[in-house]
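The next block holds one structure in the form of structure tokens; read it before the comments.
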Amino acid sequence: MKTRKLGWTDLNLSTIGLGTWAMGGGGWKFSWGTQDDSESISAIQHAVELGINWIDTAAVYGLGHSEEIVGKAIKGLRDKPIIATKCERVWDKDGNIFGRLKKESIHSEVEASLKRLKIEVIDLYHIHWPEPDEDIKEAWTALGDLIKEGKIRYAGVSNFNLEQLKRIQPIHPVASFQPPYSMLERGIEKELLEYCSENNIGVIVYSPMQKGLLTGKFTRERVQNLPEDDHRRRDPRFQEPELSANFKLVEELRLLAEKSGRTVAQLAIAWVLRRPEVTAAIVGARRPSQIEETVVAGDWTLSKEQIAAIEALLEKRQKTS
Ligand SMILES: NC(=O)c1ccc[n+]([C@@H]2O[C@H](COP(=O)([O-])OP(=O)(O)OC[C@H]3O[C@@H](n4cnc5c(N)ncnc54)[C@H](OP(=O)(O)O)[C@@H]3O)[C@@H](O)[C@H]2O)c1
């Protein structure tokens, strides 16, 4: 699989990284419903066999569970993948989640993540959300200290806006920026991609298939029958009036993908990778067959004609919402 260098770092990431949010399992505020741990472990190990060389997780996914599963899955592997995880979302004993960016909190979070992942050093450590905003400089300074202490190799941020990125960049350079990016979520195209490119910051984008909506596998019935604890039930893109417009777009994308003998999921991922500023896409999966389908998108370069055809469909989609 193709790799791209992450900004100014010495990490060469496969253009697809495996996302493990859904592997956090059920029973917490942002769960994706029940998940079988053995399927998660098989999916992680299969992803590595397929050439994916990095895995994205976060402390909060399943309130520690996703990190534990990643730790179990990589334990016996000869070629250890690069591990990216995140701090800042903390929780209390009742599962209430909140943002904390105080130095002491970050230091205890990193120790807990290292323990769950069963590793000595975290390759890439992101601040998950810039909350509370007034503490982002304190947290970013703490991440710089963690690099010096050898607890983490590189530091990055997720879900920051341009002003917040500019505020922390002078403290120590940002290695990686992790924003949402998909055909339905194009906010970073306005300014953030340009800023990252100018500052040689790697960009690893999340939810490229818009949480499964851009795979072509969703039906209205499946959306209606999502489990009670699947947070996608509360996502406006999975509700009317957005849902009908999204289904229409997916049907048109399907025709386009099929012309190349590909699937909608592969098209959605190849589309985010068309941008040279994007280092890699974080692609979520719950079982081996899902990542087996999507992994090939990492090597698919869309033609100018295909990109233009998608642009026309997205403009049409925009007018209907
Ligand atoms: N930094 C942040 O704030 C942030 C936020 C969101 C995500 N992320 C990271 O980015 C990763 C990817 O984003 P995401 O998981 O939100 O969205 P995504 O990659 O767009 O979608 C992943 C979901 O799509 C479905 N899927 C995957 N492959 C499929 C296939 N071949 N056929 C049919 N369905 C398929 C699966 O759910 P079902 O089978 O249940 O439909 C899977 O969980 C996350 O796992 C996480 O690591 C980070």
Query raised in the report: GNM on the chain, C-alpha springs below 10 Å: top fluctuator among GLU120, GLU111, GLU163?
Result: GLU163
Query raised in the report: Which one of HIS126, GLY150, LEU193 has its Cα pushed farthest toward the positive end of the charge dipole of the range 124-203, where Lys and Arg give +1 and Asp and Glu give -1 at the Cβ?
Result: GLY150
Query raised in the report: Put +1 on the Cβ of each Lys and Arg and -1 on the Cβ of each Asp and Glu in the chain; which of SER108, TYR181, ALA265 then has its Cα farthest toward the positive end of the dipole?
Result: ALA265
**Report entry** Per residue accessible area of the range 109-261, 1.4 Å probe, in Å²
**Finding:** 45
**Report entry** Fraction of alpha-carbon pairs over 28 Å apart in the range 103-261 - percent
**Finding:** 40
Report summary line: About its Cα centre, the range 136-177 carries a charge dipole, from +1 on Lys and Arg Cβ atoms and -1 on Asp and Glu Cβ atoms, whose size in debye to the nearest 20 is 80
Query - DSSP-assigned coil residues among trypsin sites (Lys or Arg not before Pro) in the range 160-205, each with at most 16 further Cβ atoms within 10 Å - result: ARG186, LYS190
Query raised in the report: By how many nm would the segment from LYS319 to LYS93 lengthen if fully extended, with 0.36 nm per residue of separation less the alpha-carbon distance?
Result: 76.8 nm
**Report entry** Euclidean distance between Cα centres, the range 106-176 to the range 264-302, Å
**Finding:** 26
Query raised in the report: Hey, what angle do you get for helix 136-148 against the long axis of the chain, alpha-carbon based, 0 to 90 degrees rounded to 10?
Result: 70
Query raised in the report: How much of the accessible area of the chain, probe 1.4 Å, is carbon plus sulfur, in whole percent?
Result: 50
Report summary line: From highest to lowest solvent-accessible area (probe 1.4 Å; ligands, DNA and RNA excluded), ARG232, ARG78 read ARG78, ARG232
Query raised in the report: How would you order 291-297, 147-153, 19-25 from highest to lowest mean count of nearby Cβ atoms within 10 Å?
Result: 19-25, 291-297, 147-153
Query - Structure-based [θ]222 nm, the chain - -39500 (n - 2.57) summed over DSSP H runs of at least 4, per residue, nearest 500 - result: -11500 deg cm²/dmol
Requested in this report: Return the lysines within reach of LYS29: Cα separation strictly under 22 angstrom, same-chain partners fewer than 8 residues apart disregarded; answer none if there are no such residues.
Outcome: LYS86, LYS93, LYS211
Query raised in the report: In the chain, what % of DSSP beta bridges are antiparallel (nearest 5)?
Result: 25
Query raised in the report: Which of LEU63, LEU243, LEU213 moves most in a GNM of the chain, Cα contacts under 10 Å?
Result: LEU243
Requested in this report: Note the angle between two axes, namely the Cα long axis of helix 37-49 and the longest principal axis of the Cα atoms of the chain, as a number of degrees from 0 to 90, rounded to the nearest 10.
Outcome: 80
Requested in this report: Please work out whether the range 1-149 counts as rounded, prolate or oblate from its C-alpha gyration tensor, where a ≥ b ≥ c are the square roots of the eigenvalues and a/c under 1.5 means rounded, while otherwise a/b larger than b/c means prolate and anything else oblate?
Outcome: oblate
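The values are calculated or read from the model by the stated rules, or taken from the named source; none is laboratory data. Just so we're clear, the structure is a prediction, and the values are computed from it rather than from any experiment. Using ideal geometry, Cβ is built from the backbone for each residue, glycine included, and neighbour counts are taken over all protein chains shown. Keep in mind that these areas ignore ligands, DNA and RNA; they rest on the heavy atoms of the full protein, side chains included. Shrake-Rupley method; radii C 1.70, N 1.55, O 1.52, S 1.80 Å.
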